[in-house]
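Worksheet: the structure to be examined is printed underneath.
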Amino acid sequence: QKEVEQDPGPLSVPEGAIVSLNCTYSNSAFQYFMWYRQYSRKGPELLMYTYSSGNKEDGRFTAQVDKSSKYISLFIRDSQPSDSATYLCAMSAHSGNTPLVFGKGTRLSVIA
Amino acid sequence: EPEVTQTPSHQVTQMGQEVILRCVPISNHLYFYWYRQILGQKVEFLVSFYNNEISEKSEIFDDQFSVERPDGSNFTLKIRSTKLEDSAMYFCASGEGPSSYEQYFGPGTRLTVT
């Protein structure tokens, strides 16, 4: 079983839709979770980061973690064409100096 | 807003040649990382670096790879004898300190080995 699984998409939604992006993981030691946005041939841009289970909101973005199900989500409200990108989940077991384990990314297109 | 910078943005090299990829991490960060992303694949961890030494490395980071922090600002990745399969985007990242866990990535260097 792969450590972090993420549906690669592509996911296509109309402008204004609510987008739900998800990752599952197998390593129960993971407790730090991040979402990155990556435009084509660019570096991952940190969007949200959360510790352990629960919700975190930042503007149109909400990150959810359910450690009991080993499932994390990123919701984008009122999606815009500028949200079109690949969204990567990443996670680690420790804070500080620790490698991140990434999902493969979900490619999102928001159509005007 | 402080950011991680990387040079060059694109490097083309012939198989067997040495390349050095350069990064300037965010200035007050303590932890430095190299990751790579082969086209269409996951971002993969290569190596982490703290206090002037390697903290952790993946199985990808074999003897052909080395890292260095030659001065107070630069962080470099050297590939001694490039192979075709080293063609990828290489990302540098930095992290603030022991109580933080988020990592900030640079724009990447696209390495093409011919």
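Couple of notes before you dig in:
- Checking each residue in the range A:1-25 for being part of a strand (DSSP E or B) and either of a type in the set (Phe, Trp, Tyr) or free of Cβ contacts under 8 Å to residues at least 40 places away in the same chain (or both) picks out only A:25.
- Residue check, residue B:38 touching a helix residue (DSSP H, G or I) at 6+ places or on another chain (Cβ under 9 Å), surrounded by fewer than 21 Cβ atoms within 10 Å (Cβ to Cβ), more than 9 Å from chain A (Cβ to nearest Cβ) and within 25 Å of residue A:8 (Cα to Cα): yes
- Apart from one condition, residue A:83 fits all of (1) over 21 Å from residue A:18 (Cβ atoms); (2) surrounded by 17 or more Cβ atoms within 10 Å (Cβ to Cβ); the exception is (1).
- Residue within the range B:18-33 that is more than 9 Å from chain A (Cβ to nearest Cβ), over 26 Å from residue A:34 (Cα atoms) and either surrounded by fewer than 19 Cβ atoms within 10 Å (Cβ to Cβ) or in contact with a helix residue (DSSP H, G or I) (Cβ under 7 Å, 6 or more places away or on another chain) (or both) present: yes
- Of all residues in the range A:49-63, those that are at pLDDT below 90 have Cβ atoms under 8 Å from Cβ atoms of residues that are of a type in the set (A, V, I, L, M), 6 or more apart or on another chain, in A:52/A:65; A:53/A:65; A:54/A:65.
For (1) within 19 Å of residue A:4 (Cα to Cα); (2) touching a Phe, Trp or Tyr at 6+ places or on another chain (Cβ under 6 Å), each residue gets a yes or a no:
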residue	(1), (2)
B:32	no, yes
B:37	yes, no
B:42	yes, yes
B:52	no, no
B:55	no, no
B:59	yes, no
B:64	no, no
B:67	no, yes
B:73	no, no
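- Residue that is surrounded by the most Cβ atoms within 10 Å (Cβ to Cβ) [pool: residues in the range A:86-112 that are among the hydrophobic types (A, V, I, L, M, F, W, C) and either touching a Pro at 6+ places or on another chain (Cβ under 7 Å) or away from chain B (no Cβ under 14 Å) (or both)]: A:88
- Among the conditions (1) farther than 17 Å from residue A:36 by Cβ; (2) polar (S, T, N, Q); (3) not in a strand (DSSP E or B), residue B:100 misses just one, which is (1).
- Top-ranked residue in the range B:47-68 [being facing chain A (nearest Cβ under 9 Å) and of a type in the set (A, V, I, L, M, F, W, C); ranked as farthest from residue A:104 (Cα to Cα)]: B:49
- Single residue of the range A:26-37 satisfying the filter (part of a strand (DSSP E or B) and more than 7 Å from chain B (Cβ to nearest Cβ)) that is nearest to residue A:92 (Cα to Cα): A:33
- Checked against (1) crowded, with 16+ Cβ neighbours inside 10 Å; (2) part of a loop (DSSP other than H, G, I, E, B); (3) within 14 Å of chain B (Cβ to nearest Cβ); (4) of a type outside the set (Lys, Arg), residue A:40 meets all criteria but (1).
- Annotation note: Cβ proximity below 9 Å between a residue of the range B:68-80 that is among the small types (Gly, Ala, Ser) and a residue that is modelled with pLDDT under 95 (sequence gap 6+ or interchain) occurs for B:72/B:27; B:73/B:27.
The values are calculated or read from the model by the stated rules, or taken from the named source; none is laboratory data. Small disclaimer: the values here were computed from a predicted structure and weren't measured. Using ideal geometry, Cβ is built from the backbone for each residue, glycine included, and neighbour counts are taken over all protein chains shown.
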